Every structure is written in structure tokens, then in C-alpha cells.
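Asker: Just dropping this structure here.
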Amino acid sequence: MDPAVTGSVTDPLRSNGEAGVVAADWAQAAPRVAHYLRALGVRDPRDLDRLMESVRGRFERQVETILVADAIETGIEEASKLLDEWLAAELGPEVPGPMRGVARAVVLGGAVPGWVGVWSGRTPRPIADQIRASSLAPVPDPAPLTMATQRIDPCCHRLVRRIARLLRGLNPGPLHRRTDLGQST
């Protein structure tokens, strides 16, 4: 393995001062990245090889610029970023951010056949129209809802009225009290 990629504990630019911490190694990440790409739907070995090379180049640039603690995490992040950047380039800059997420779900869901070959660069045909045709808006357009009006009758309100009626039946009403105010017993 190339020392520029793997780093070295003695190289002050490649370690963070802790013993045993070195820059991430592509050999650690490659099997998991390949497994991740297969989980995304990459079946053809030619597509897998092309995408692995692209991810490896991105991985190595990442390792050159910063110290990467987890090679597997970095490799999978770079594969994910590669997919997102390809979708952004395929759909163009006029597509808003939320629709890119929908487009990602469309291709990963299998609604656009042959997308992996286009992503890897093996079959250079535009599929942006197919992606757009299969995409649905993530949120429906606002529409007023019709709803029948209903009377709100809280249970405690009914209970208070019942208690008030009971109390009125036990005690003399307010007119009787006014007449009794001036009299002494």
C-alpha cells in the first residue's frame, strides 16, 4: 500500500499526536464500500469497478486533506456524496434540494432501469427525463379542506351545568336572598 495513502505514525502531518492513530486506509474501507454499492443496486462488476475507482479517488483526496479516523465511514460517505453529486449534475441546477432527495429515492427504488450504468459512466445516455417523470412532489400542493362544522361540547361544561342545577334546587334562589338581607333572625 502506498504510504501517502495509509499514513504513518511517525509522520507529524498524518497523525494527531496519539500513539497508534494513523490516517485511514483504503484497504479497510474497500470491502464495506463495495458491499454498500451492491446494496444501492450496483450488480454489474464493470459498474462496481468504475464506481470503486471513483470512490477511491475521492477517499484518497479526503485522506490527504484531513486526518480520517474511520476509513469505513469515510468510504461510505464518499460513495453517498458521489451519488448525490451525480444526481445533481444529471438533473441540473434548477432542481430544488428536496426534489434531489426524491430523485435519489426514485433511482434507488428501481423506478429508472439502467441508472447504475449511467452513474458509473459505462452507458452515457441522459436519464434526467426518466427520473423527473418518476418523481413525485414530496409534499402535495396546499388545498383547502372542506369540513362539516360540529358543535364543541366539552364534557366538563355539561357537568358544571348539572351541578349548578342541583345547587339551585337545594338552596333558595337569588331573589329569596335579597329579601332576607335586611332581616335579622
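Bear in mind that the values in this text are calculations on the coordinates, not laboratory data. Predicted model only: the values in this text are computed from it and were never measured. Positions of Cβ are backbone-derived with ideal geometry, glycine not excepted, and every protein chain shown enters the neighbour counts.
Asker: Mind sorting L37, L48, L136 by how few other Cβ atoms lie within 10 Å of their own Cβ, fewest first?
Answerer: Lowest count first: L136, L48, L37.
Asker: Still on this structure: In what order do T149, T65 fall by count of nearby beta-carbon atoms within 10 Å, going from fewest to most?
Answerer: Final ranking by Cβ density, sparse to dense: T149, T65.
Asker: What order, most packed first, do the peptides 69-77, 121-129 have when packing is the mean number of other Cβ atoms within 10 Å of each residue?
Answerer: 69-77, 121-129
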